[in-house]
1. If you plug each phi of the range 43-53 into the Karplus form 6.51 cos²θ - 1.76 cosθ + 1.60 with θ = phi - 60°, what whole-Hz ³J(HN,Hα) values come out, in order, with x for Gly and Pro?
2. Round to the nearest 0.05 the FRET efficiency obtained for ALA70 and THR6 when R0 = 25 Å and r is the Cβ-Cβ distance.
3. Please work out how much length the chain gains when fully extended from ARG25 to VAL51, using 0.36 nm per residue of separation minus the C-alpha to C-alpha distance, in nm with one decimal.
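Every number here is computed from the coordinates shown, using simple stated rules; none is lab data. Remember, predicted model here, so these are calculated numbers, not experimental data. When we count neighbours, we look across all protein chains shown, and the Cβ atoms used for this are built from the backbone with ideal geometry, even at glycine.
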Amino acid sequence: MAQFITKEARRTDRTIETSAKKYVRYKEGAELYSMGMTKFQELTKEAHARVKIGKMVLVNREKFERYLEAMGE
């Protein structure tokens with residue numbers, strides 16, 4: 001019998017997998033932090049949390065989270 005996994009369950013699995021990473025790409029990060037892509041890109045730039053490797057951009061989640069916490073204070 002085929003096992004069906006809901007879209008929400010797949011999203012939750014992906015979020016758990018992403019949350020264990022030190023670096024994420026823009027799409028993963030925007031999804032993880034529940035914000036739009038443009039706003040996520042702006043905030044990562046302000047936080048100096050981006051690492052560019054050629055055309056690829058990775059976001060250091062530790063730096064980004066420190067920046068978010070400092071904004072809330």
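1. Coupling constants for the range 43-53: 5, 5, 5, 4, 7, 6, 10, 9, 10, 9, 10 Hz.
2. Details: r = 37 Å, r/R0 = 1.47.
So, using R0 = 25 Å, E works out to roughly 0.10.
3. 8.4 nm
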